[in-house]
Amino acid sequence: MKEKLVQLFYQLFQNQPIVAFAPGRINLIGEHTDYQEGFVFPAAVAQGIYVAIAKNDLNHCRLYSFDFEEEFTFPLDSIFPKKGHWANYVMGMLSQFKQAGISLQSFDMVIGGTIPVGAGLSSSAALSIGIGTAISSLFNYQVSKNSLVRYAQKSEHLFAGVNCGIMDPYASTFGAKGKALLLDCRSNSHEEIQVDLGNYSLILVNSKVKHSLADTAYNKRREACEDSVRLLQAHFPNIKTLRDLNTTDLGMIETILPAQFFPKAKHIITENHRVHLAAKALQEQDLIEFGQLLNQSHQSLSEDYEVSCAELDELAATAQSMDFVLGSRMMGGGFGGCTLNLVHREGLEEFKKVIQENYESTFFIIPEFIEVTLSEGASLLNS
Ligand code: GLA
C-alpha cells in the first residue's frame, strides 16, 4: 500500500511524500466502558491506514482518497464539517491543531487503507491518528502522543458527530507488538500485557452488517449512563462515573435506578470487573477463564446493554457451541461489525466452515474471516 500511495502521489502532485501509518484495533474485552472512565483492553493490529503527505505553497490543501477514488480541496482558512465526508477526518484534526495554537500550513495528501471498512476495526480512529502523525511529522509540530489521541477523539465528536471514548485512537497510537493495553480511561494510562495464546488464535468474523441506528444508539447509551450517574450521586455522593462503583454495589443500585437504566449500569460495572479478571487470566495463561469472560461479555452486551443484533448473536452462539472455541463475543460499538473468537488452531478450518454455512443459510450473507496479529502503534514509515 505504501508504494502504491507514493506512486499515486507523484502522479497527482509531482512530489515525493513522507508516509505515516496508523493501525486499526481490536478490543479483547471492556466494551462501552471507556466513556465512563472505565477499563478497556485493546490492541493494535497489522491492518491500518497509510497517509502520504508533502508541503505545498498554495494555501489550500489538496486531498485524494485511494479507497473512494475521490479528490477534495479546501482552503486553510475555511475549515468546516462536511456531513458524512471522509475529508472531515483531515479537517477535524487540523481544527484541533489550530485550537492548540499551531499556525497551519498547506499540504497535499493521499490516503489509503488496508482495514475492511465498517468491520469495527476502528478505521476512523486509525485515519485520524494517521493524519495527525503525518501532519505533525511533516511540519515538525511538537505534539505529544497523548495530545494526538485527544485531538482524534475530539475531531470525531465535532466533525463526525459520534461521542466516542478514548479507546480507539489510544490503541492506534500506543499499540505494542504481541501485547494488549490494559487501559485506564480515567488516568489515560496503560499497562502492556503480553498476550500468549499457545495453540489458540484470535480470529474475527465480520458480520458484514452495520445497522443504521448504530451512531444514535451509541450516543443514547452514553447519555443513559450519564443520567444514571446523576441519579446515583444522591446515594453515592463520591462517584463521578459508573467506574466508581463495584459489583458489590449492584443490589443497592437496583433499588435506586429505574428499570430501563439498571441493566445498562450493570453492564458497565460488571464489564469493568471482567477486564481485570481477563488481564489476570491472560497473565496466568488461563485461556479457559479468559474465554468464559469473553462469553459473559457478549451476554452482557446483548441482554443488558442491548447493543448487539441478530447477526452478531447468531455468530457468537454458533462459535460458543464448538468444542475448540474457548470464547466468542461481539466487538466494538455493536449493531454490526465483527465478533472476536478464541479458536484452537487445529479447529480453524472447521470453525470457518461451520460459521459460514450457518450464517449464510440464516442471513444470506457470506461472512468474512479476519486473522489478527497484535502490532505496533502509529509511526512514520522509513522512506
Ligand atoms: C466504539 C467507540 C469506542 C468504544 C467502543 C465500545 O469503538 O469509538 O470509544 O466506546 O465503541 O467499546
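Taken together, Q96, Q16 contain a single residue that is outside the structural domain of G337 (by TED's automatic domain parsing), surrounded by fewer than 15 Cβ atoms within 10 Å (Cβ to Cβ) and out of contact with any Leu (no Cβ under 8 Å at 6 or more places or on another chain), which is Q16.
K220: of a type outside the set (S, T, Y), closer than 21 Å to G336 by Cα, over 16 Å from the mean Cα position of the chain (by Cα) and within 15 Å of the ligand (Cβ to nearest atom), yes or no? Spelling it out, K220 is indeed of a type outside the set (S, T, Y), closer than 21 Å to G336 by Cα, over 16 Å from the mean Cα position of the chain (by Cα) and within 15 Å of the ligand (Cβ to nearest atom).
Selection of the range 142-163 for residues being among the hydrophobic types (A, V, I, L, M, F, W, C) and either within 12 Å of the ligand (Cβ to nearest atom) or assigned to a helix (DSSP H, G or I) (or both) yields L148, V149, A152, L158, F159, A160, V162.
Between S123, S144, S78, the distinction of being within 20 Å of D34 (Cβ to Cβ), without any contact (Cβ under 8 Å) to a residue 12 or more places away in the chain and open to solvent by 30 Å² or more (accessible area, probe 1.4 Å) belongs to S144 only. Taking the range 116-138 as the range and being in a loop (DSSP other than H, G, I, E, B), within 13 Å of the ligand (Cβ to nearest atom) and not small (G, A, S) as the test, only L121 passes.
Please go through (1) touching a Leu at 6+ places or on another chain (Cβ under 9 Å); (2) crowded, with 24+ Cβ neighbours inside 10 Å; (3) of a type in the set (S, T, Y) for Y151 and return the number of the only condition it doesn't satisfy. So Y151 meets the others, but not (1).
Criterion applied to I203, I193 was being in a strand (DSSP E or B), within 24 Å of G118 (Cα to Cα) and open to solvent by less than 60 Å² (accessible area, probe 1.4 Å), and the one residue passing it is I203. Scanning the range 178-190 for residues that are without any contact (Cβ under 8 Å) to a residue 60 or more places away in the chain and surrounded by fewer than 16 Cβ atoms within 10 Å (Cβ to Cβ) turns up S187, N188, S189. Only one entry of E284, E376, E357, E289 meets the criterion of being closer than 30 Å to E3 by Cβ, of a type in the set (D, E), at pLDDT 95 or above and open to solvent by 10 Å² or more (accessible area, probe 1.4 Å), and that entry is E376. Inside the range 46-73, residues that are open to solvent by 30 Å² or more (accessible area, probe 1.4 Å), in contact (Cβ under 8 Å) with a residue 40 or more places away in the chain and among the hydroxyl-bearing types (S, T, Y) make up a count of 2. Got a sec? Which strands (runs of 3 or more DSSP E) wholly within the range 30-79 have at least 2 residues that are of a type in the set (S, T, Y)? In the range 30-79, 60-65 are the strands (runs of 3 or more DSSP E) which contain 2 or more residues that are of a type in the set (S, T, Y). Residues that are at pLDDT below 95 and of a type outside the set (V, I, T) do occur in the range 260-279.
The values are calculated or read from the model by the stated rules, or taken from the named source; none is laboratory data. Predicted, not measured: the structure shown is a model, and the values here were computed from it. Reconstructed Cβ throughout: ideal geometry from the backbone, glycine too, with neighbour counts over all protein chains shown. Side chains are part of the model used for accessible areas, which takes the heavy atoms of the whole protein and leaves out ligands, DNA and RNA. Shrake-Rupley method; radii C 1.70, N 1.55, O 1.52, S 1.80 Å.
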